[in-house]
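*Asks:* The structure follows.
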Amino acid sequence: MSSGKVKVVEKIFEANDTLAAQIEGRLKDSGVFAINIMASPGAGKTSLILKTIEKLHRNFKIGVIEGDTAAVTIDSDKVTALGIPAVQINTGGQCHLDAVMIGQALNHLALSELDLIIVENVGNLICPASFKIGTHANVVISSIPEGDDKPHKYTGIYRGIDVLLINKIDLLPYLDFRMDYFRQGVEILNPGVTTFELSCKTGEGFDGWIQWISKQVDAFKK
Ligand code: MG
């Protein structure tokens, strides 16, 4: 009986991965680069998205997909207030986005008119790591107030990422956050991962991130 259960779970992941690969191709064919932003609640996902839009909206046409467990539009309202199209996904209590949800959300965006799609995943460090959603880069935001032990405790999410953003560095003087200990933890899981230390609040360190993402979007643009 128990082996039957395992098979069902495997099929769910298989179906999700197949759909994610289709989405990835659909976006690439449209010349749209897409990123999946994952983080704890309060790490600064929405703040980073808003600041990235502020820096990039003159160069690229951007769309945003917002994932939340509750039926709220708090984050997507902030995005649309900037004149940027946003689609809100309510996961109905699920702790992650999956490829089916993203596939449906994309039907509400004019892909041929976009260069970049930013997806804000549901806030936590566990579930989003297990589900591919068809984006081209996985980004994790870690913030100083969360503590320097997170890569030592939540190993899964740091393994498969392309970029790590260490946010709220303006708070370093006030908190006992050992940057070396934090970065050593990440290095074991994901050696040499592209990392930017920045502050969405002060803008310090933001240029490196903007240069990185601009380069990716340019490479995809049609
Ligand atoms: Mg948010």
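The numbers here are math on the coordinates, done by the rules we state, and not lab data. On a predicted model such as this, the values are computed, not experimentally measured, just so you know. FYI the Cβ positions are ideal-geometry reconstructions off the backbone, even for glycines, and counts take in every protein chain you see.
*Asks:* Let me confirm something: among Asn90, Asn36, which residue is away from the ligand (no atom under 12 Å from the Cβ), surrounded by fewer than 20 Cβ atoms within 10 Å (Cβ to Cβ) and among the polar types (S, T, N, Q)?
*Replies:* Matching residue, one of Asn90, Asn36: Asn90.
*Asks:* Could you grab me the full set of residues in segment 168-205 that are crowded, with 16+ Cβ neighbours inside 10 Å and over 22 Å from Gly156 (Cβ atoms)?
*Replies:* Lys168, Ile169, Asp170, Glu197, Leu198, Ser199, Cys200, Gly205
*Asks:* Anything in segment 106-121 that is touching a residue at least 24 places away in the same chain (Cβ under 8 Å) and either surrounded by fewer than 24 Cβ atoms within 10 Å (Cβ to Cβ) or not β-branched (Val, Ile, Thr) (or both)? List them, or say none.
*Replies:* Correct list: Leu106, Leu109, Ala110, Leu111, Ser112, Glu113, Leu114, Asp115, Leu116, Glu120, Asn121.
*Asks:* Sort through Leu27, Leu48 and tell me the only one that's more than 16 Å from the ligand (Cβ to nearest atom), surrounded by 21 or more Cβ atoms within 10 Å (Cβ to Cβ) and under 15 Å from Leu116 (Cβ atoms).
*Replies:* Leu27
*Asks:* Check Pro151, Pro85 and return the single one that is closer than 23 Å to Ile169 by Cβ and either free of Cβ contacts under 8 Å to residues at least 40 places away in the same chain or surrounded by fewer than 18 Cβ atoms within 10 Å (Cβ to Cβ) (or both).
*Replies:* Matching residue, one of Pro151, Pro85: Pro151.
*Asks:* Hey, among the residues in segment 206-221 that are among the aliphatic types (A, V, I, L, M) and surrounded by 14 or more Cβ atoms within 10 Å (Cβ to Cβ), which one's farthest from Tyr154 (Cα to Cα)?
*Replies:* Within segment 206-221, the match that is farthest from Tyr154 (Cα to Cα) is Val217.
*Asks:* Do we have any residue at all in segment 122-136 that's in contact (Cβ under 8 Å) with a residue 40 or more places away in the chain, over 28 Å from Lys215 (Cβ atoms), away from the ligand (no atom under 16 Å from the Cβ) and of a type in the set (Gly, Ala, Ser)?
*Replies:* Yes, segment 122-136 contains at least one residue that is in contact (Cβ under 8 Å) with a residue 40 or more places away in the chain, over 28 Å from Lys215 (Cβ atoms), away from the ligand (no atom under 16 Å from the Cβ) and of a type in the set (Gly, Ala, Ser).
*Asks:* Still on this structure, please answer the following. Filter segment 94-132 down to residues that are under 17 Å from the mean Cα position of the chain (by Cα) and among the polar types (S, T, N, Q), then give me how many there are.
*Replies:* 4
*Asks:* In a strand (DSSP E or B) and surrounded by fewer than 20 Cβ atoms within 10 Å (Cβ to Cβ) - does that describe any residue in segment 131-142?
*Replies:* yes
*Asks:* Within segment 66-86, can you find the residues that are of a type outside the set (Ser, Thr, Tyr) and within 12 Å of the ligand (Cβ to nearest atom)?
*Replies:* Within segment 66-86, the subset of a type outside the set (Ser, Thr, Tyr) is 66-68, 70-72, 74-75, 77-79, 81-86.
Across segment 66-86, the qualifying residues are Glu66, Gly67, Asp68, Ala70, Val72, Ile74, Asp75, Asp77, Lys78, Val79, Ala86.
*Asks:* Within segment 101-117, track down each residue that is in a helix (DSSP H, G or I) and not hydrophobic (A, V, I, L, M, F, W, C).
*Replies:* Kept after step one, since they are in a helix (DSSP H, G or I), are these residues of segment 101-117: 101-106, 111-113.
Within segment 101-117, Gly103, Gln104, Ser112, Glu113 meet the criteria.
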